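Asks: Take this structure first; my questions come after.
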Amino acid sequence: VVSRSVCDYFFEAQERASEAENVPPVIPTPHHYLLSVYRHKIFFVAVIQSEVPPLFVIEFLHRVVDTFQDYFGVCSEVMIKDNVVVVYEVLEEMLDNGFPLATESNILKELIKPPTILRTVVNTITGSTNVGDQLPTGQLSVVPWRRTGVKYTNNEAYFDVIEEIDAIIDKSGSTITAEIQGVIDACVKLTGMPDLTLSFMNPRLLDDVSFHPCVRFKRWESERILSFIPPDGNFRLLSYHVSAQNLVAIPVYVKHNISFRDSSSLGRFEITVGPKQTMGKTVEGVMVTSQMPKGVLNMTLTPSQGTHIFDPVTKLLSWDVGKINPQKLPSLKGSVSLQAGTSKPDENPTINLQFKIQQLAISGLKVNRLDMYGEKYKPFKGIKYMTKAGKFQVRT
């Protein structure tokens, strides 16, 4: 049994780090290693007594967070405190004697029933727990991620291809770095033991792919086809990465004219946002934010659409643009008032963008077909694509 005082090493590291993100993920102490992940403003720390591959532990911690999110809807400090009994029960099943055992949410849900208001009330009165009566059928089979005897009246399989684009664009509009992080999330509600294959038009695009354990890796290596018996319900089938070697298409551009003059206490501010390489799809949910230099006192701006706020204390400008209409591009223009007598700011502000494009995977990834074997019925199949901005920055 590890003494709780081992956490002091972690708290020291936390005090030394200026921001939560800067706490080192691996902290060696005289007798242990502390491995941590930081999500939802909470640190999840694992204490290791002997050497193990650190990514193995970090992946497990991410699984724990995902499981809590799945069980409680949100993973927050309040939820963990409110459901501390269920949290303990889930951790008991996920880790057996310090070794990861069950990390699949649909197996866990058979072992430990997710809390509902009614169940919580009953447990409080009767003193019973959420632990299920039977061993889950999945754990006894060769397909440990899927329970047996699944039955649905509507058989359906939905796949969401979601891509986040991270990019830095310099002031002349050329790309400094750009890469795409993509995932394929699935929601599969099929009766029995279906065996699915999913093929792509252009699988060569994907590099650095990471799969759900259900995917048969040999088949991917030889034919670039995803072949798998899916878990029941929601799961992440794969995550992938498309790097700059494949020339990532940039879906939006920003025209900017931001100037501060030396002697004057006024500056100009003009930006226009427009679509680029979007295959005719609408760019929506556009949000522009920019951190202004310290010398800026106020901004008098007029947006052609949407609403904008400038906070004179934090110097943050945010402009909620909404949809981009290619015929009439949204713009934000006006003047900037600076502190009198100070020299002009050293550098121009950077502009950060958020946006979404429905029904488009910006990498050009396309699903070719989805087939099902092993069962007789005809399932309903659907594929959706979406592109959104990750860290998307334009320098001015």
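Asks: When you check Val37 against the structure, is it within 30 Å of Thr120 (Cβ to Cβ) and touching a strand residue (DSSP E or B) at 6+ places or on another chain (Cβ under 9 Å), yes or no? Steps first, answer last, please.
Replies: Values: within 30 Å of Thr120 (Cβ to Cβ): yes; touching a strand residue (DSSP E or B) at 6+ places or on another chain (Cβ under 9 Å): yes.
Yes.
Asks: If a residue has to be among the acidic types (Asp, Glu), part of a loop (DSSP other than H, G, I, E, B) and at pLDDT 70 or above to count, how many in region 104-138 make the cut?
Replies: Applying the first criterion (among the acidic types (Asp, Glu)) to region 104-138 yields 104, 110, 133.
Still in the running and part of a loop (DSSP other than H, G, I, E, B): 104, 133.
Then drop every residue that is not at pLDDT 70 or above, which leaves 104.
Count: 1.
Asks: For Thr177, only one of the following conditions fails: (1) closer than 25 Å to Pro251 by Cβ; (2) surrounded by 14 or more Cβ atoms within 10 Å (Cβ to Cβ). What is its number?
Replies: Tallying (1) closer than 25 Å to Pro251 by Cβ; (2) surrounded by 14 or more Cβ atoms within 10 Å (Cβ to Cβ), Thr177 fails exactly one: (2).
Asks: Could I ask something else about it? Hey, among Glu12, Glu51, Glu21, Glu59, which residue is over 19 Å from the mean Cα position of the chain (by Cα), of a type in the set (Asp, Glu) and assigned to a helix (DSSP H, G or I)? Full working, then the answer.
Replies: Values: Glu51 fails: assigned to a helix (DSSP H, G or I); Glu21 fails: over 19 Å from the mean Cα position of the chain (by Cα); Glu59 fails: over 19 Å from the mean Cα position of the chain (by Cα).
Testing whether each residue is over 19 Å from the mean Cα position of the chain (by Cα), of a type in the set (Asp, Glu) and assigned to a helix (DSSP H, G or I) leaves just Glu12.
Asks: What about Arg268, is it under 15 Å from Leu332 (Cα atoms), among the charged types (D, E, K, R), open to solvent by 30 Å² or more (accessible area, probe 1.4 Å) and not assigned by the TED database to the domain that holds Lys171? Before you say what the answer is, go through the steps one by one.
Replies: Values: under 15 Å from Leu332 (Cα atoms): yes; among the charged types (D, E, K, R): yes; open to solvent by 30 Å² or more (accessible area, probe 1.4 Å): yes; not assigned by the TED database to the domain that holds Lys171: yes.
It is true that Arg268 is under 15 Å from Leu332 (Cα atoms), among the charged types (D, E, K, R), open to solvent by 30 Å² or more (accessible area, probe 1.4 Å) and not assigned by the TED database to the domain that holds Lys171.
Asks: Can I ask one more? Considering only region 271-283, I want to know if a residue exists there that is part of a strand (DSSP E or B), among the polar types (S, T, N, Q) and out of contact with any Ser or Thr (no Cβ under 9 Å at 6 or more places or on another chain). Step through it out loud before you land on a result.
Replies: Within region 271-283, the first condition is being part of a strand (DSSP E or B), and the residues that meet it are 271-275, 283.
From the residues that got through so far, the ones that are among the polar types (S, T, N, Q) too are 272.
Going one step further and asking which of them are out of contact with any Ser or Thr (no Cβ under 9 Å at 6 or more places or on another chain), we end up with none.
No, that holds for no residue.
Asks: Looking at Leu91, Leu101, which one is under 23 Å from Thr124 (Cα atoms) and of a type in the set (A, V, I, L, M)? Write out each step before concluding.
Replies: On the way: Leu101 fails: under 23 Å from Thr124 (Cα atoms).
Answer to the selection: Leu91.
Asks: Scan (1) surrounded by 13 or more Cβ atoms within 10 Å (Cβ to Cβ); (2) not in a strand (DSSP E or B) for the single condition Leu301 breaks and write down its number.
Replies: The failed condition is (2).
Asks: Can you go through Thr314, Thr300, Thr342 and tell me which one is modelled with pLDDT under 95 and under 28 Å from the mean Cα position of the chain (by Cα)?
Replies: Details: Thr300 fails: under 28 Å from the mean Cα position of the chain (by Cα); Thr342 fails: under 28 Å from the mean Cα position of the chain (by Cα).
That would be Thr314, the only listed residue that is modelled with pLDDT under 95 and under 28 Å from the mean Cα position of the chain (by Cα).
Asks: Here's something else I'd like to know. For the subset of region 64-111 comprising residues that are small (Gly, Ala, Ser) and closer than 25 Å to Ala186 by Cα, which member is farthest from the chain's Cα centre (by Cα)?
Replies: Filtering region 64-111 for residues small (Gly, Ala, Ser) gives 73, 76, 98, 102, 105.
Okay, now just the ones that are also closer than 25 Å to Ala186 by Cα, so 73, 76, 102, 105.
Numbers: Gly73: 15, Ser76: 16, Ala102: 23, Ser105: 18 Å.
In this case the residue turns out to be Ala102.
Asks: Do the conditions hold for Phe211, that is, is it closer than 20 Å to Val367 by Cα, free of Cβ contacts under 8 Å to residues at least 24 places away in the same chain and open to solvent by 40 Å² or more (accessible area, probe 1.4 Å)? Outline the logic, then answer.
Replies: Working: closer than 20 Å to Val367 by Cα: yes; free of Cβ contacts under 8 Å to residues at least 24 places away in the same chain: no; open to solvent by 40 Å² or more (accessible area, probe 1.4 Å): yes.
When the stated conditions are applied, Phe211 does not pass them.
Asks: Moving on to the next point. Within the group Leu55, Leu91, Leu101, Leu95, which residue is in contact with a Phe, Trp or Tyr (Cβ under 9 Å, 6 or more places away or on another chain) and within 30 Å of Pro24 (Cβ to Cβ)?
Replies: Matching residue, one of Leu55, Leu91, Leu101, Leu95: Leu95.
Asks: Which one of these does Ser50 not meet: (1) closer than 16 Å to Pro213 by Cβ; (2) hydroxyl-bearing (Ser, Thr, Tyr); (3) surrounded by fewer than 14 Cβ atoms within 10 Å (Cβ to Cβ)?
Replies: (1)
The values are calculated or read from the model by the stated rules, or taken from the named source; none is laboratory data. If you're wondering where the values come from, they're calculated on a predicted model, not measured in any experiment. All Cβ positions, even for glycine, are placed from backbone atoms using ideal geometry, and neighbour counts span all protein chains on display. In case anyone asks, the SASA skips ligands and DNA or RNA and just uses the protein heavy atoms, side chains included. Shrake-Rupley method; radii C 1.70, N 1.55, O 1.52, S 1.80 Å.
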